[in-house]
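Presented below is the structure to which this report refers.
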Amino acid sequence: MKLGVVMEAFADRPLAEALAWLEANVPEVSELEVIAGGYGPTGHCDRARLLADERARADWTGEIESRGFTVGALNAWGNPLHPDSEVAMKQDRDLRETIRLAAALGVDRVVAMPGCPGSGPGAQRAPHFAGGAWLPDFENVTDWQWEEVILPYWSDLSEFARREHPDLRICLELHPGTCAHNVETFDRLSQVAPNIAANIDPSHFFWQQMDAFAIIDRLAGRIGHAHAKDVTFNAEQLGLNGLLDRRWPSPPEEMPWNFATVGDGHDAAWWAEFVRRLEVVAGVRSISIEHEDPFVPAETGIPAAARLLSGVDGAASAPNRSSVGRGASQKA
């Protein structure tokens, strides 16, 4: 098991500066998950240039590897099912080009979102997530979404990925607000092709009061990647406004729950079992720390998460990078 980091946390830093900081401050990390498209910031990955220029790809990977890191996954989180055709086309293009770039780089994981369509063939403005909706207006919305948009799109996309990169697994985040956010919906989506896998982020399950261990056991061989992120709850706000507070994620001080640094919501014993199950039950080979804690800066939260994950029983140890492009760095 290798330990990685989602580079979105360092979107405000140039790649070289972010790599130098990670090398000096988080020696446990050996892999990077780089944002290449979708709604995320792509400042660390000029996808068009890297696709077009073999020398540019060699220089980019060389810069990363000289610091002792490898690219474990590309990420293109977005909504290719968006009812606005211009938005959908852009998101679809980003995802397909990210898959092509992964093939060119020899990266066999692309992390993406399942997406969410509109409410019907006339919807053009916004996606429509009907989770838990009971009013008559919501009846049959999800049937139309699945039959007319979700399954046709992902069937076509998975076939495209097989042609472009036969070894690739498209790892979908199971996230509320998207069409696949739990076991039942992922079961339905993953039936379209074996290259559709799950990206397991336990924070999304904490939020929904789901059992991450049971989900790993159930999905097992259909898990391709994982994120490490925690959740903390505000008991007073939870009692008043519940888990479906429409204002999330702001203001964080008033939210019933918030994403948190690994270890702040669940202890080391929980994370040790999480890592063990991912490795033993699901065969997952790496976990990327994803920092989205509104109260803790990435420069504090990521090293803390890395120390906890590398220290728990069964967690992966990053390979010794002392002889790969680094000197005797001091921790800041």
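The values are calculated or read from the model by the stated rules, or taken from the named source; none is laboratory data. None of the values given here were measured: they were computed from a predicted structure. As a convention, Cβ positions derive from the backbone with ideal geometry for all residues, glycine included, and neighbour counts pool all protein chains shown.
Of the residues making up region 191-209, those that are surrounded by 19 or more Cβ atoms within 10 Å (Cβ to Cβ) and either assigned to a loop (DSSP other than H, G, I, E, B) or over 17 Å from the mean Cα position of the chain (by Cα) (or both) are N195, D201. Pairing each residue of region 75-103 that is in contact (Cβ under 8 Å) with a residue 60 or more places away in the chain and hydroxyl-bearing (S, T, Y) with any residue that is part of a loop (DSSP other than H, G, I, E, B) and buried (at least 23 other Cβ atoms within 10 Å of the Cβ), provided the two are 6+ apart or on different chains, yields C-beta distances under 6 Å for T98/A36; T98/G37; T98/A76.
Please tell me if A220 is under 30 Å from V281 (Cβ atoms) and crowded, with 18+ Cβ neighbours inside 10 Å. Can you show your working first?
On the way: under 30 Å from V281 (Cβ atoms): yes; crowded, with 18+ Cβ neighbours inside 10 Å: no.
No.
The set of residues from region 285-331 being under 23 Å from R169 (Cβ atoms), of a type in the set (A, V, I, L, M) and at pLDDT below 95 comprises A315, A316, A318. Scanning region 4-49 for residues that are in contact (Cβ under 8 Å) with a residue 60 or more places away in the chain, assigned to a loop (DSSP other than H, G, I, E, B) and among the hydrophobic types (A, V, I, L, M, F, W, C) returns V26, V29, A36.
Residues E86, E63, E54: which one is surrounded by fewer than 21 Cβ atoms within 10 Å (Cβ to Cβ), touching a Leu at 6+ places or on another chain (Cβ under 8 Å) and not hydrophobic (A, V, I, L, M, F, W, C)? Before you say what the answer is, go through the steps one by one.
Working: E86 fails: touching a Leu at 6+ places or on another chain (Cβ under 8 Å); E54 fails: touching a Leu at 6+ places or on another chain (Cβ under 8 Å).
After applying the criteria, what remains is E63.
For region 50-74, a residue qualifies if it is among the aliphatic types (A, V, I, L, M) and without any contact (Cβ under 8 Å) to a residue 24 or more places away in the chain, and the qualifying residues are A52, A56, A58.
I'd like the full set of residues that are among the aliphatic types (A, V, I, L, M), within 14 Å of R169 (Cα to Cα) and part of a helix (DSSP H, G or I), limited to region 64-123. Let's see the steps before the verdict.
Taking region 64-123 and keeping what is among the aliphatic types (A, V, I, L, M), we get 64, 71, 73-74, 76, 81, 87-89, 95, 99, 101-105, 107, 110-113, 123.
From what is left, the residues that are within 14 Å of R169 (Cα to Cα) are 73-74, 76, 95, 99, 101-103, 107, 110-113.
Answer for region 64-123, where residues must be among the aliphatic types (A, V, I, L, M), within 14 Å of R169 (Cα to Cα) and part of a helix (DSSP H, G or I): L95, I99, L101, A102, A103.
Of the numbered criteria (1) touching a Cys at 6+ places or on another chain (Cβ under 6 Å); (2) surrounded by fewer than 16 Cβ atoms within 10 Å (Cβ to Cβ), the one H225 fails is (2).
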